[in-house]
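Visitor: This structure is in structure tokens; I'll ask about it shortly.
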There are 2 protein chains.
Amino acid sequence: MIRTNIDFLTYLKKLQLLHPHYFSIENYTSKEVILKDHKRYHSLYIIHKGIAKCYFTDENGKESIQEFFGEGMQFGELEVFNNQLSYCSTEAITDVEVFKISHQHYLELLENDTAFNRLVIQSMVAKISYKAPRLSFQQSYSIEQNILKLKELYPNYETVFSKKDIADYLGITLRSLNRVLNSLQ
Amino acid sequence: MIRTNIDFLTYLKKLQLLHPHYFSIENYTSKEVILKDHKRYHSLYIIHKGIAKCYFTDENGKESIQEFFGEGMQFGELEVFNNQLSYCSTEAITDVEVFKISHQHYLELLENDTAFNRLVIQSMVAKISYKAPRLSFQQSYSIEQNILKLKELYPNYETVFSKKDIADYLGITLRSLNRVLNSLQ
DNA sequence: ATTGAGTTGGGACAATTGTCCTTTTATACG
DNA sequence: CGTATAAAAGGACAATTGTCCCAACTCAAT
């Protein structure tokens, strides 16, 4: 549920020693928006500490949570390649510390550092591999099964996430979430 | 709805001239399975001609279609990097011609050919960018809105896909699809 | 203390969607 | 041809989920 990428983070820390001026560190407090949708950015972020949520907002204001980002997860990197506006927002859930790196420096590393290149590709593979079954599972199974799966994977999710976030993650209403949680005692 | 990647295909054809022994060509007829889930492969495929569907099957036999692949779409490439079993099946819808390349040669190109490397990354960016809003849209909107969207993006989808495929793509039952199509006249 | 905003919990009802089953139509094939 | 098989269509009913409420509680700021 909370995605991480420790290999990437570890390597990034090494790079930071080699190219200190490539990276800056920023801190966000809970509920601060780090990256806003429909805006253009020239940098991307990698989570050093804390948890953030990445979500779409539709025209009715309903949020749909894509992923919860933990240590080593990067966001805003897709825009390096497709040159589009940011297509979702990312907001701190706990207090968060991020590394920030410009598109330009990121591309430089990508071209000149084979290990970094491979780690970037692997991070993308992980994102695809994660999203694919999630789409299927939410389509195929009932809310109850989805919640049971959540509890299995992440037993104490209530301590970190609000009910609203859980509902937005599962693509259901708060009412439905409560109802099903009740029926499970 | 039918995904393509012409840039990738174009470049691949150039590579084929440079390294003819890297590639082989295979042909599949409608409904043949090209790649089966839970199996290990040592090659991956790129669609040259035709349309295929990529789908999960759950324990009840229900299919959930991830994407429809058209020209230039590759599949089986994630397993090059995560060394896992294939996590979904790909089946020809129309007759299909594919290029086949071994993991080993693919990795060789990835390391030695910067342009190829970039195209692979861009293909992954495209897959992520496509999956993300699809998850949200199907969660947030009614079946009716999803079908209207489909008709808008791909007016004559009925000519290519069976009703069952459309239902599996939208994550709904055939009965629900028929009902909603009726209510739209 | 008091207000107000945000979170949680749930009743009542409506709408949506699934399940099960039957029928019809199209298509393939000996 | 006729027959088997798959695809398409839909009736009847049940189950799930959403919508629209209202109430209780927490917590921060006044």
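Read-outs throughout are calculated quantities, based only on the coordinates presented, and are distinct from any laboratory measurement. This is a predicted model, so every value here is computed, not measured. Every residue, glycine among them, receives a Cβ derived from its backbone with ideal geometry; neighbour counts consider all protein chains shown.
Visitor: Setting aside same-chain residues fewer than 8 positions from A:Lys151, which aspartates and glutamates have a Cα under 13 Å from its Cα?
Guide: Candidates past the 8-residue exclusion: nothing left.
Visitor: Work out the FRET efficiency for B:Thr173 and A:Leu148 from their Cβ-Cβ distance, taking R0 = 30 Å, and round it to the nearest 0.05. Don't skip to the answer; put the middle values down first.
Guide: Working: r = 22 Å, r/R0 = 0.74.
Approximately 0.85, to the nearest 0.05.
Visitor: Semi-axes of the equivalent ellipsoid of the range A:1-95: what are they in whole Å, largest first, if each equals the square root of 5 times a C-alpha gyration tensor eigenvalue? List each step's numbers first, then the result.
Guide: Working: eigenvalues 108, 50, 27 Å².
Largest first, the range A:1-95 gives 23, 16, 12 Å.
Visitor: Moving to a separate point now. How far apart are the B:Phe137 label points across copies, placing each 7 Å from Cα toward Cβ, in nm, shortest first?
Guide: 2.4
Visitor: Quote the convex hull volume per residue of the range A:64-185, based on C-alpha atoms, as a whole number of Å³.
Guide: 127
Visitor: Quick one: which of A:87-100, A:48-61 comes out on top by average Cβ neighbours within 10 Å, and what's the full order, highest first?
Guide: Details: A:87-100: 19.8, A:48-61: 16.4.
Packing proxy ranking, top to bottom: A:87-100, A:48-61.
Visitor: Report ³J(HN,Hα) in whole Hz for each residue of the range B:119-134, in order, from the Karplus equation J = 6.51 cos²θ - 1.76 cosθ + 1.60 where θ = phi - 60°; Gly and Pro get x.
Guide: Ordered by residue, 3J(HN,Hα) equals 5, 5, 4, 5, 5, 6, 4, 5, 5, 5, 4, 7, 5, 4, x, 5 Hz.
Visitor: Give me the one-decimal nm value for the distance between modelled label points at A:Tyr87 and A:Ile6, 7 Å along each residue's Cα-to-Cβ direction.
Guide: In this crude label model, A:Tyr87 to A:Ile6 measures out at 3.1 nm.
Visitor: Summarise the partner chain shielding of A:120-126 as one whole number: the mean count of Cβ atoms from other chains within 10 Å of each residue's Cβ.
Guide: Numbers: counts 2, 8, 3, 2, 9, 10, 3.
Per residue, the number of nearby Cβ atoms from other chains is 5 on average.
Visitor: Under a Cβ-only charge scheme (Lys and Arg +1, Asp and Glu -1), can you give me the dipole magnitude of the protein assembly as shown about the Cα centre, in debye to the nearest 20?
Guide: On the way: 42 positive and 44 negative charges, 132 e Å.
With only Lys, Arg, Asp and Glu charged at Cβ, the dipole is about 640 debye.
Visitor: Mind pulling the per residue volume of the convex hull built on the Cα atoms of the range B:141-185? Å³ is fine.
Guide: Details: hull volume 3.1 nm³, N = 45.
So the per-residue Cα hull volume is 69 Å³.
Visitor: What percent does the relative contact order of chain B come to when contacts are Cα pairs within less than 8 Å and at least six residues apart?
Guide: Working: 279 pairs, mean separation 48.1, N = 185.
Worked out over chain B, it gives 26 percent.
Visitor: Given a cut-off of 30 Å, name the pairs among A:Lys62/B:Lys127; A:Lys62/B:Lys39; A:Lys127/B:Lys36 whose C-alpha atoms lie farther apart than that in the structure shown. Before the final figure, lay out the partial values.
Guide: Numbers: A:Lys62/B:Lys127 24 Å; A:Lys62/B:Lys39 39 Å; A:Lys127/B:Lys36 21 Å.
Check vs 30 Å cut-off fails for A:Lys62/B:Lys39.
Visitor: Something else: Of B:Glu158, B:Glu77, B:Glu63, which has the largest mean-square fluctuation in a 10 Å C-alpha GNM of chain B?
Guide: B:Glu158
Visitor: What's the average, rounded to a whole number, of partner chain beta-carbon atoms within 10 Å of each residue's beta-carbon in B:136-146?
Guide: Details: counts 12, 3, 5, 13, 10, 3, 0, 0, 0, 0, 0.
That average works out to 4.
Visitor: Calculate one ³J(HN,Hα) per residue across the range A:104-116 by plugging θ = phi - 60° into the Karplus curve 6.51 cos²θ - 1.76 cosθ + 1.60, and present them in order as whole Hz with x for glycine and proline.
Guide: Computed from phi, the couplings for the range A:104-116 are 4, 5, 4, 5, 4, 4, 4, 7, 9, 10, 4, 5, 4 Hz.
Visitor: Between copies, how far apart are the B:Leu107 label points? List them in nm, one decimal, shortest first, with each point 7 Å from Cα toward Cβ, please?
Guide: 2.9
Visitor: Taking θ as phi - 60°, what are the ³J(HN,Hα) couplings along the range B:90-100 by the Karplus curve (6.51, -1.76, 1.60), each to the nearest whole Hz, with x for Gly and Pro?
Guide: 10, 10, 5, 8, 8, 5, 9, 10, 10, 8, 10
Visitor: Roughly what % antiparallel, to the nearest 5, for the DSSP beta bridges in the protein assembly as shown?
Guide: Working: 52 of 56 bridges.
Counting only bridges with both partners in the protein assembly as shown, antiparallel ones make up about 95 percent.
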